[in-house]
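The values are calculated or read from the model by the stated rules, or taken from the named source; none is laboratory data. Here the structure is a predicted model, which is why all the values come from computation and not from measurement. No Cβ is skipped: glycine too gets one built from the backbone with ideal geometry, and neighbour counts run over all protein chains shown. Each accessible area value is taken on the protein alone, full model and side chains, heavy atoms only, with ligands, DNA and RNA left out. Shrake-Rupley method; radii C 1.70, N 1.55, O 1.52, S 1.80 Å.
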Amino acid sequence: MKKLTISQEKAINLDKHLSVTANAGSGKTTVLIEKYVKILEEILNNSPQIEELTDIVESVVVITFTEKAASELKERATKAIEDKIREAREKNDLESLRKYEALRDAMPSAVIGTIHSFCAKILREFAVTAGIDANFNILEGAERDRAIDIIIENKLKEFLNRNDENAKRLLYVIEKIKIADFYKLVKKLITSRELVEKVKRDIYNVKNDDEIIQMWRDKISNYVINVFKQSLMTNVLRSLYGHLSSVLSITRAQIDEFEKAIEKEEAAKAYQIFMEIVSKKIYWENLSNLRSDIKNALNQKPKQVSEEIQAQLQLLKRVAEDIGKVNLNNFDNFTEKHRNYVKDTRLILSLYDEINTEYEKFKALNGYLDFEDLQLKANNLLDDESVRSELSQRFRYIMIDEYQDTNYLQYEIVKKLIKDFSEKMKLFIVGDDKQSIYGFRGSDVEVFHKTSRDICEYGDGEKIMLQESFRLLRGIAEFVNRVFGKIMGERISIHEVEYSPIIVGRDVDDDGVVEMLVLKKDKKNKNNDKNSEEESNEEDLKLAEARFVAKKILKLLQDDDAYVYKNGERKKVEPVDIAVLIRNRNVLKPIENAFIEMNIPYIVSSGIGFYQTQEIYDFLNYFEFLINTNNDVALVGILRSPFFGISDSEIFRISV
């Protein structure tokens with residue numbers, strides 16, 4: 001095993017609640033595995049009976065984001081134990097050998113999986129208390145989507161066919177946001193029931209319309225004031241005034257007025273002053289560029305002073321972009337619109353209630369639970385003190401990987417298990433808030449920050465930072481730090497993540513290379529059909545970019561001076577050493593074509609296979625409808641396909 005850093009050793013050896021923030025390539029998985037094995041060793045050494053090894057392995061819970069990651073963690077943990085077996089054998093330590101071999105044999109019982117598999121495990125064990133069938137099946141993927149789609153369609157038709165005022169209003173809402181987007185919205189509500197029920201319970205079931213509007217105003221006002229305070233905006237404005245007073249058409253009195261408004265928490269007034277200063281006195285109205293007189297003044301300043309001012313101007317722009325669209329100073333001018341929005345929301349929630357009731361009946365009838373159910377029912381189960389106490393006695397450690405992609409419900413489950421840090425059970429979380437990318441699935445990076453604070457405040461734990469990256473060379477790490485240090489900067493709101501610089505931990509004396517390849521657009525091939533020309537030019541550009549990339553790769557493969565490092569040694573570049581990352585799949589086909597043209601071997605990872613193309617789905621829908629003419633989902637798929645080309649809005653009108 002490679003030598004550990006001080007931070008890694010600390011994370012592995014400390015026996016307390018820990019929150020570990022790990023930069024990309026900092027060896028967080030190594031730390032997780034080493035700590036896991038160390039915990040098992042400590043429990044093993046304190047265990048009098050070797051027969052209890054299955055219980056020992058089951059006493060440490062490891063939760064990660066995907067089943068694939070869980071499988072890899074279990075495999076690596078088993079390998080780490082096998083390394084201990086080999087060491088014991090080499091030292092002829094028969095007692096340790098016997099223990100580690102028994103520990104390895106008990107690893108199939110290890111509780112390493114996703115939060116959903118963990119919840120399913122305890123629900124099956126305490127099914128009677130949870131009020132469910134222990135033999136439940138998990139409703140997921142295409143089967144779940146199809147069930148929800150059919151229920152939404154049937155309930156929506158039923159709702160609209162009532163032809164009352166609510167039906168007419170809902171039809172207006174649907175036409176306003178378009179039928180396809182409305183379906184997505186309702187489906188999102190059904191798959192995010194915990195959050196929806198909380199919103200209903202805390203807001204829509206207990207407040208009238210005006211109280212809800214006032215709550216929105218208060219929350220926006222508090223958010224704006226907190227952003228101003230967090231960014232130390234008064235100090236920024238005073239500094240800019242001191243450096244640029246000759247060209248800034250703002251007064252000290254304005255800044256004083258801004259400061260007083262913040263102190264008195266008069267958010268609308270502070271907001272109005274700030275936005276007027278930024279969009280009229282410093283930047284142009286769309287915040288795209290600095291005013292020319294300010295640019296000229298910056299050019300006349302010493303370099304160090306100019307850079308300091310530019311950093312402050314950048315922070316000013318970030319704050320303006322963050323709060324600019326809330327339009328707080330005009331909030332009260334839109335009261336009637338806000339009332340309509342509340343009414344529309346109540347209407348959609350009433351439709352949600354009907355759809356959800358039908359969905360619950362469907363699951364109960366067929367013995368199903370979906371992923372949301374697993375978490376909700378596990379959370380409710382842990383309110384039973386006898387269950388919670390039994391599990392707390394059983395589990396000694398809960399370790400959670402990729403914690404930046406956790407949501408509040410999952411944290412609630414963990415908090416109940418450890419009884420708000422009052423149990424002997426330890427919590428170990430590890431993640432990187434900069435890599436939080438699953439907000440669309442309900443994860444919230446603020447959960448990571450809150451849990452870290454709770455661990456230090458209530459759990460007498462510590463927060464550890466793994467900054468050293470063993471993945472990047474010096475030059476590449478410096479490039480990343482320079483670019484993202486400016487883009488992300490300091491955290492000014494709960495929606496942002498503060499950038500922590502990457503420290504190079506890789507023991508290689510090389511800088512690496514960062515290149516930017518720029519392809520100029522070719523303005524040839526003009527014709528009279530403007531739409532056809534734009535579409536043709538866009539496809540041509542994609543292929544041209546793909547060929548440009550392919551030529552660069554070909555050059556690297558053919559250049560004897562191009563190299564990569566493998567196990568610390570320089571090696572000639574091979575196709576397997578190269579990765580091409582793309583923003584979306586629209587450019588995948590041109591890249592594949594370019595690689596085929598130039599005989600570059602490649603593998604598509606997470607691409608669309610033949611059987612996942614839209615054309616295949618269209619034919620499948622056609623066949624499914626022919627087999628069962630009552631299959632409305634398949635029928636809608638056919639009507640939307642190139643076979644008929646009917647729009648979503650027209651299909652919707654026909655259906656109702």
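Mean separation of Cα pairs under 8 Å and 6 or more residues apart, divided by the residue count, gives the range 352-504 a relative contact order of 18 percent.
Please return the longest range in the chain lying between exposed loop sites, taking trypsin sites (Lys or Arg not before Pro), DSSP loop only, at most 12 other beta-carbon atoms within 10 Å, and leaving the sites out. Formally, the longest exposed-site-free interval is 265-423. Which of the lysines could a cross-linker span from Lys84 if the Cα-Cα distance has to be under 17 Å and same-chain partners fewer than 8 positions apart are dropped? Within the straight-line cut-off, Lys84 pairs with Lys2, Lys3, Lys35, Lys38, Lys74, Lys99. A Cβ-based charge dipole, computed about the Cα centre of the chain with Lys and Arg at +1 and Asp and Glu at -1, lands at about 1600 debye. State the Cα centre-to-centre distance between the range 272-342 and the range 218-249 in whole Å. Here the two parts' Cα centres lie 10 Å apart.
Quick check on the range 146-213: what does the Kirkwood estimate of hydrodynamic radius come out to from the alpha carbon pairs, in Å?
Hydrodynamic radius (Kirkwood, Cα only) of the range 146-213 equals 13.6 Å.
Report, please, the projected area of the range 328-485 averaged over directions, based on the convex hull of its C-alpha atoms, in nm². Averaged projected area of the range 328-485's Cα convex hull equals 15.8 nm².
Leaving out ligands, DNA and RNA, and with a 1.4 Å probe, what % of the accessible surface on the range 213-336 is carbon or sulfur? List each step's numbers first, then the result.
Details: 3000 of 6810 Å².
In the range 213-336, the share of accessible area belonging to carbon and sulfur is 44 percent.
The reciprocal of the average 1/r between distinct C-alpha atoms defines the Kirkwood hydrodynamic radius, which for the range 6-148 equals 17.4 Å. Using heavy atoms of the protein chains and a probe of 1.4 Å, the accessible area assigned to Tyr617 is about 100 Å².
Would you work out what percent of the accessible area of the range 364-477, with all protein chains in place, is carbon or sulfur (probe 1.4 Å)? Provide the component values of the computation, followed by the final result.
Details: 2290 of 4950 Å².
After summing per-atom areas, the C and S share lands at 46 percent.
Panel values: the chain, Kirkwood radius from alpha carbon pairs, Stokes-Einstein at 10 °C and 1.306 mPa s, translational diffusion coefficient 53 µm²/s. Under 5 Å between amide hydrogens, built in the peptide plane, is the criterion, and for Gly512 it picks out Gly475 among residues at least 5 positions away or on other chains. Over all orientations, the range 108-202 has a Cα convex hull whose mean projected area works out to 9.3 square nanometres.
Over the residues of the chain, the helix contribution to mean residue ellipticity at 222 nm works out to -18500 deg cm²/dmol, using -39500 (n - 2.57) for each DSSP H run of at least 4.
Largest first, the three principal axis extents of the alpha carbons in the range 189-308 are 60, 33, 23 Å in whole numbers. Using a probe radius of 1.4 angstrom, the carbon and sulfur fraction of the accessible surface of the range 1-154 is 47%.
With a 1.4 Å probe and all protein chains left in place, how much accessible area per residue does the chain have, in Å²?
Numbers: 37900 Å² over 656 residues.
Counting only protein heavy atoms, the per-residue value for the chain is 58 Å².
Pair-distance distribution of the range 64-170: all C-alpha pairs, bin width 5 Å, starting at 0; shares per bin in whole percent are 2, 10, 11, 10, 11, 11, 9, 8, 8, 5, 4, 3, 3, 2, 2, 1, 0.
In terms of distances greater than 29 angstrom between alpha carbons, the cross-link table entries Lys68/Lys377; Lys521/Lys571; Lys168/Lys200; Lys337/Lys361; Lys188/Lys424; Lys301/Lys325 yield Lys521/Lys571; Lys337/Lys361; Lys188/Lys424; Lys301/Lys325. Solvent-accessible area of Thr629, all protein chains in place: 90 Å² (probe radius 1.4 Å, heavy atoms, ligands and nucleic acids excluded).
Computed over the range 402-473, the quotient of the alpha carbon radius of gyration and 2.2 N^0.38 Å is 1.19. For the range 395-431 versus the range 57-124, the spacing of their alpha-carbon centroids is 19 Å. Projecting the Cα atoms of Ile553, Phe625, Asn161 onto the charge dipole of the chain, computed from C-beta unit charges around the Cα centre, puts Ile553 farthest toward the positive end.
Averaging over all projection directions, find the projected area of the Cα convex hull of the range 303-370 and quote it in nm² with one decimal place.
On the way: hull surface 36.3 nm².
That works out to 9.1 nm², a quarter of the Cα hull's surface.
With a cut-off of at most 15 other beta carbons within 10 Å, and DSSP calling the residue loop, which chymotrypsin sites (Phe, Trp or Tyr not before Pro) in the range 377-451 qualify? Please list them. When the chymotrypsin sites (Phe, Trp or Tyr not before Pro) of the range 377-451 are filtered for loop state and at most 15 Cβ neighbours within 10 Å, nothing remains.
Dimensions of the range 244-357 based on its C-alpha atoms, expressed as ranges along the principal axes with the largest first, amount to 68, 28, 21 Å.
Helices assigned as whole DSSP H runs in the chain whose Cα atoms extend at least 27 Å along their own long axis and whose mean Kyte-Doolittle hydropathy is 1.6 or higher are not found.
For the chain, averaging the sequence separation of C-alpha pairs within contact (under 8 Å, six or more residues apart) and dividing by the residue count gives a relative contact order of 19 percent.
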